[in-house]
Every structure is written in structure tokens, then in C-alpha cells.
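Written out below as C-alpha cells is the structure these notes cover.
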Amino acid sequence: MKLAGRPRRLWPLVLLAFPAGVQAAEEFSFDASAFERKAFEIGGHVQLKQENLAFDRGAAFYRLNNFDQPQRDGLDRTTGTLQLAGKLRQGIGTFDFRTNSDFQRDQLARDRSNGVFEAAYAIRPDPGLSMEAGKRVLRWGKGYAWNPIGFVERPKDPNDPELAREGLAMADGDLIFNPGGNLQTVAFTPVLLPVGKDVNGDFGASGHWNPAAKLYLLYRDTDIDFAWQGKGSRPARFGVDFSRNLASNFEIHGEWARVRQFTRPVTDGAGSVTIEAGNADSYLLGLRYLTASDTTYIAEVYHNGTGYSEEEARRFYELADTALTQFEQTGSTVLLQRALSLSQGSYGRPNAGRDYLYFRAQQKDALGIVYFQAALTAMMNRQDRSYQLTPELLYTGVRNLDLRLRLFLLHGGSSTDFGEKASSRKLELYARYYF
């Protein structure tokens with residue numbers, strides 16, 4: 001739901017422009033064709049990003065990932081990105097696509113990639129009915145930084161929740177009703193997400209169709225979703241979310257999801273790994289508040305039922321330290337390979353902990369400068385108290401151009417979530433031009 005902003009005082013400008021407007025009205029002609037939908041549209045952006053990373057050479061993830069490499073204190077990385085997005089309309093059918101091309105270079109390596117983020121064909125025989133097939137990003141859930149009910153999508157990056165993501169190959173549809181009364185809108189979205197050797201291979205085990213569905217209700221101005229995904233490439237799961245504006249400038253939202261018989265590896269400090277299975281409940285509660293001075297506050301509390309507790313994480317860091325010490329003393333990589341495998345799996349995923357807090361404050365027209373935005377984002381692991389602070393500056397005063405500067409500062413002691421990350425600081429600057 002969008003929040004209403006502060007009304008602007010335009011009456012003096014209207015009064016000044018009124019005489020000229022009366023004269024211009026006699027010569028004005030309306031060209032309706034300028035507003036007609038085009039059969040084909042294409043656009044996109046090109047971006048240049050420069051990053052400077054400061055490594056924490058004593059952190060577990062840095063030591064594991066670089067145990068056989070020359071040790072470095074930092075790295076400078078340059079990334080160029082081109083994204084193209086297009087849409088072709090014909091009758092009741094629409095084909096749209098989004099491609100992504102990256103070129104990345106630093107002191108250690110060069111890499112390039114080309115991929116299709118989205119490409120799908122949709123038909124809409126009726127305003128309340130649509131069907132599509134292809135590669136698509138579905139955005140389920142009301143959370144800003146995390147989405148426990150995002151069952152059929154790649155997870156967001158909490159450091160950049162609005163960043164474009166790669167979709168998944170699927171077939172889906174939408175059936176929309178407007179019953180009237182307190183139940184203003186009902187929408188049903190069925191999904192089939194096949195996984196095979198060359199299709200959605202990173203989603204899970206191959207050989208499954210992975211049915212899923214979402215039921216949306218707009219009831220008394222409250223958005224509600226019920227989501228479900230059947231057992232297949234991943235364990236079965238279901239959940240619910242809601243969002244409601246308590247005022248035009250104040251919104252609350254929440255999500256809850258249960259994954260049935262979720263399995264995860266758990267290690268002790270000696271490297272003995274067991275596979276635990278059980279129901280995992282994740283939930284999120286958040287708010288968004290806009291002040292009269294155009295400051296937006298976003299806050300969320302997140303419980304990750306599939307994550308690791310502070311004690312479970314501490315045992316993994318103990319294993320990493322033991323494995324690296326053994327390698328340095330004996331040259332044996334047996335225990336080290338086990339620790340490295342865990343670090344590249346569930347222990348190494350973003351926000352692998354159990355409980356988090358998220359807070360963001362952003363100020364429009366900061367310091368009285370139009371099109372200049374300042375923001376501060378904080379993320380904290382509630383159990384071990386480690387955290388990350390990210391001040392940010394954004395300028396959009398040049399047409400079709402965004403300039404953004406961000407600084408990531410990670411703080412935490414030994415055996416903590418943010419304290420054991422490979423880098424302790426990252427400075428990022430990018431310029432993005434839209435066309």
C-alpha cells in the first residue's frame with residue numbers, strides 16, 4: 001500500500017500562471033494518440049558501480065574462503081551492468097522480457113555474465129482473468145527486507161530490497177472478483193513451477209511440478225494473502241500475510257509461514273554433522289511511517305525459523321577455527337573441507353541467524369536540496385547483538401540519472417553473525433542512467 005505524502009502549497013504558482021493559462025487555452029489542442037499504449041516498448045538502464053572492500057582477515061568466512069590464497073586487506077571492484085526491458089502487445093496477448101548483462105573486474109579476476117531475468121507471454125481474455133507462462137518474478141509477501149511467504153521466488157537482498165531479481169520458469173494465472181461490501185476484492189493465483197535438469201535447477205530436487213497458490217483478499221481496507229506450496233522439490237509450506245493503513249501516513253504489515261519437515265545440517269565444534277528435521281515457523285512484523293517533513297521510517301522484527309541460534313552458530317565458528325588450525329599445523333584438509341562445505345551452504349547464506357531487527361530512516365529533499373535523499377539503515381542479529389549500519393546518499397536531480405553512495409559498516413565480536421563476515425566495511429558508489 002502506498003502512503004500519502006505532504007500536500008504541496010501550489011496556490012501562488014497557480015495564481016501567477018492563471019492569466020497565461022487562459023491565453024494558452026485558446027491555442028491548446030489535445031492529441032489523444034500521444035497517450036495510447038504502444039504495441040512495442042523497450043527501455044532499461046546502464047549502470048557503473050565502484051566498490052572498495054576492507055577485509056577482516058581474522059573473520060571465519062574470510063579465513064575459510066582464502067585459506068590457500070595470498071592474504072589481502074582490501075579489494076577494489078568495478079561492475080558494469082546493462083538491463084534491457086521490453087514489452088510487445090498484440091490483441092489480448094502480451095510478451096515482456098528483462099535481460100541482465102554484467103561485467104566485473106577487480107585485482108583478482110574478471111568475470112562477465114549474460115542472463116534473462118524475465119521472459120513471459122500472458123493473455124488476458126477478460127479484465128478479471130489472465131494466464132501466463134515463461135520466466136517470471138512473483139513478489140509474495142508484505143515485508144520490506146524479508147518475505148517468509150515468498151515461496152516461489154528467489155529471496156530478496158535485505159541490503160537492497162528493491163534490486164531486480166532473476167525469475168523462475170513457471171505457469172501462473174490470476175482470477176479476480178469484486179464481490180462488493182466489506183469483501184472488496186478476491187484474487188486467486190495458481191502456480192506450477194517445474195524443476196528439471198535444465199529448468200529451475202537451483203530451486204531444489206528435479207522431477208517435480210511444485211504446485212503453489214495464493215489467495216488475496218481486500219477485506220475492510222486490509223490486504224490479506226493466504227499462500228501455499230505443495231511438497232516437491234522443497235518441503236511443503238503455507239503461510240499468511242496482511243497489510244493495513246491505520247492512517248494515510250502509517251502502515252503496519254506482517255507475515256507468518258510454516259515449512260513442514262524442514263531439514264538442515266547442524267554441526268558441533270569437532271565437525272560432527274547431524275541432519276535435523278522438523279516444522280520451521282518464520283514470522284515478521286513491521287511498520288512504515290511518513291512524517292509531515294517527508295521522513296520515512298521502516299521497522300521490522302523478523303524470526304527466521306530455518307536459521308541458526310547463537311549457540312549453533314558459535315559451534316560452526318569453533319569448527320572453522322579448529323579446521324584452519326589443523327590445516328596450518330598438519331596440512332590436512334579433511335576437516336577444513338567439511339567446514340568450507342557448510343560455509344558455502346546454509347551457514348553461509350545471508351542472514352543465516354534466527355532473529356533480526358531492521359530499521360531504515362530516509363529523508364526526502366535532505367538539507368533543503370530538491371531530489372537529494374539521505375538514509376540510514378540498521379540491521380541487527382537480536383541474539384548475538386552484532387549489527388550493520390549503512391548510511392546512504394541518493395541524488396536524482398539530473399534527468400534519467402541516479403547517483404548513489406553507500407557505506408556498509410559491520411560490527412560484532414568473535415563468533416557473531418556480522419563479526420565473522422569476510423569484510424568489515426564496504427564503500428559503494430554507482431551511477432545509473434535510464435533510457
Eligible aspartates and glutamates near Lys49 by straight Cα distance, threshold 13 Å, same-chain separation 8 or greater = Asp76, Asp102, Asp106, Asp402, Glu428
request  = Report, ordered by chain and residue number, the lysines lying within cross-link reach of Lys231, taken as a straight Cα distance under 22 Å and ignoring same-chain residues fewer than 8 apart.
outcome  = Lys135, Lys197, Lys214
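Compute the whole-percent fraction of alpha carbon pairs in region 334-423 spaced more than 16 Å apart. Please report the intermediate quantities before stating the final value.
Values: 2598 of 4005 pairs.
Counting every Cα pair in region 334-423, those more than 16 Å apart make up 65 percent.
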remark   = Square roots of five times the C-alpha gyration tensor eigenvalues of the chain, ordered largest first and given in whole Å, equal 41, 29, 23
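Using the Cα atoms of region 250-364 to build a convex hull, what is its mean projected area in square nanometres? Intermediate values should be presented prior to the final figure.
Details: hull surface 36.7 nm².
Averaging across all directions leaves 9.2 nm² for the Cα convex hull.
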query = Reported to two decimal places, what Rg/Rh ratio describes region 249-293 when computed on Cα atoms with Rh from the Kirkwood expression?
reply = 1.35
task = Please list the helices of the chain that count as membrane-span-like by this rule: a mean Kyte-Doolittle hydropathy of at least 1.0 together with Cα atoms stretching 15 Å or more along the helix axis, each helix being a complete DSSP H run.
result = 11-25
note = For region 48-187, the percent of all C-alpha pairs falling in each 5 Å bin, from 0 up to the bin holding the max distance, is 2, 8, 11, 13, 15, 15, 12, 7, 5, 4, 4, 3, 1, 0
task = Please report the base-10 log of the normalised intensity I(q)/I(0) for region 176-248, using a Debye sum with one equal scatterer per alpha carbon and no solvent, at each q in 0.28 (1/Å).
result = -1.17
ask   = Roughly how many whole Å is it from the C-alpha centroid of region 98-167 to that of region 60-90?
value = 18 Å
Separation in nanometres of the label points that stand 7 Å from Cα toward Cβ, at Tyr434 and Ala119 = 2.5 nm
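Quick one: pull the percent of accessible area on region 129-280 belonging to carbon and sulfur, 1.4 Å probe, ligands and nucleic acids left out.
Numbers: 4170 of 7230 Å².
Percent of accessible area from carbon and sulfur atoms in region 129-280: 58.
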query = Per-residue accessible area for Lys426 at 1.4 Å probe radius, Å² rounded to 10?
reply = 50 Å²
request  = For region 305-383, just the Cα atoms, rotate onto the principal axes and tell me the three extents in Å, largest first.
outcome  = 62, 27, 17
query = At Ser332 and Ala164, where each label point lies 7 Å from the Cα along Cα→Cβ, what is the point-to-point distance in nanometres?
reply = 5.0 nm
inquiry  = Let's test the formula: R0 of 41 Å, r as the Cβ-Cβ distance of Phe40 and Asn178. What FRET efficiency results, to the nearest 0.05?
reply    = 0.85
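Over all directions, the average projected area of the alpha-carbon convex hull for region 226-277 comes to how many nm²? Before the final figure, lay out the partial values.
Working: hull surface 24.2 nm².
Mean shadow area of the hull around the Cα atoms is 6.1 nm².
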key: Residues of type aspartates and glutamates that Lys87 reaches as a straight line, Cα spacing below 13 Å, ignoring anything fewer than 8 places off in the same chain   = Glu41, Asp96, Glu118
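The values are calculated or read from the model by the stated rules, or taken from the named source; none is laboratory data. Small disclaimer: the values here were computed from a predicted structure and weren't measured. Heads up, the Cβs are rebuilt from the backbone with ideal geometry, glycines too, and the neighbour counts pull from every protein chain shown. Just so you know, the surface numbers come from the protein's heavy atoms only, side chains and all, with ligands and any DNA or RNA stripped out. Shrake-Rupley method; radii C 1.70, N 1.55, O 1.52, S 1.80 Å.
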